[in-house]
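Colleague: Submitted below is the structure of interest, expressed as structure tokens.
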């Protein structure tokens, strides 16, 4: 488990002080994939680097598996960092070394024997699907292959925690999916706690169990991915979600309306029930679905439909009340009246 307690990081320049992390407290459970989301400058990278003390906090504590890293001396900290792997946006591979040598570097630093290094690197290459690239150099690899080498290197000393600093930001969508799939496999099979920072909500939706949303060095929202996607509280969080799940209608459709346009959200089991069909059979209204889709987040369904209801105003109102009662939420977004 990772416990971050009242963490503060302040940068001091000649003319001013800049607060990178502002009194952040978080608990990251053992074995979970935890996302930290925010735009550039939100403080997420600084927070991540404070977790392994690449950035030493101004105040506060970072406790991993019962050990307070902020209390360790440099020798003890170097030893503790062997159990904290890190992968980067731009890979940070040594161009003059082969794939094997890049991964072996971390093991040599841990003073492993030649036979131990040979065995471990071969295991890691098999895990990340790069056995055939053992003797290749970074310049001969694709971006996705470079990141797989970075992941193998980060796993070399069998860490309990893996920190991912914008690990997929430099990759195309298809490669991103394959890297996220690999990280999920590592988490599931090895039980490693993964902390992942990103500005891409699609990444969060695909891989994370819980997320923290950061703004101006503070955590402004925290919850499971499903909770955040279905019931965001903060405007920043809402804007992040809208970048992934876009349900706005073209203006010309709103202008052509003759009835009442409603936006309906279905969560959990309700998303798989025939609520709209039941409503149309119960009340004397006509329904025209203008837009709709069901997303699966952590294998749980989230459905959003936009539809136009026409008919006697009293019947339309009854239909709206019926849907509101049966679903997670209904919003009237337009009305001819």
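Colleague: Considering only segment 235-250, how many residues are under 17 Å from the mean Cα position of the chain (by Cα) and either over 18 Å from residue 264 (Cα atoms) or modelled with pLDDT of 80 or more (or both)?
Modeller: Total satisfying the criteria: 8.
Colleague: Could you say which residue among 321, 331 is farther than 25 Å from residue 223 by Cβ and surrounded by fewer than 15 Cβ atoms within 10 Å (Cβ to Cβ)?
Modeller: Exactly one residue qualifies, and that residue is 321.
Colleague: Kindly indicate which of 316, 276 is over 35 Å from the mean Cα position of the chain (by Cα) and farther than 30 Å from residue 35 by Cβ.
Modeller: 316
Colleague: Can you name every residue in segment 157-183 that is assigned to a loop (DSSP other than H, G, I, E, B) and under 30 Å from residue 111 (Cβ atoms)?
Modeller: 157, 158, 159, 160, 167, listed by residue number.
Colleague: Would you point out the residue of segment 155-171, among those that are out of contact with any strand residue (DSSP E or B) (no Cβ under 7 Å at 6 or more places or on another chain) and at pLDDT 90 or above, that is surrounded by the most Cβ atoms within 10 Å (Cβ to Cβ)?
Modeller: Among them, the one singled out is 156.
Colleague: For the condition crowded, with 22+ Cβ neighbours inside 10 Å and closer than 23 Å to residue 107 by Cα, what is the one hit in 203, 121?
Modeller: Result: 121 is the single residue among 203, 121 that is crowded, with 22+ Cβ neighbours inside 10 Å and closer than 23 Å to residue 107 by Cα.
Colleague: Kindly state which strands (runs of 3 or more DSSP E) lie completely within segment 1-109 and contain at least 1 residues that are over 23 Å from residue 193 (Cα atoms).
Modeller: Output list reads 2-12, 17-28, 59-64.
Colleague: Also, quick follow-up: Please find, among 152, 110, 136, the residue that is modelled with pLDDT under 90 and in the same structural domain as residue 88 (by TED's automatic domain parsing).
Modeller: Residue meeting the stated conditions: 110.
The values are calculated or read from the model by the stated rules, or taken from the named source; none is laboratory data. Small disclaimer: the values here were computed from a predicted structure and weren't measured. Neighbour counts run over all protein chains shown; Cβ positions are idealised from the backbone, glycine included.
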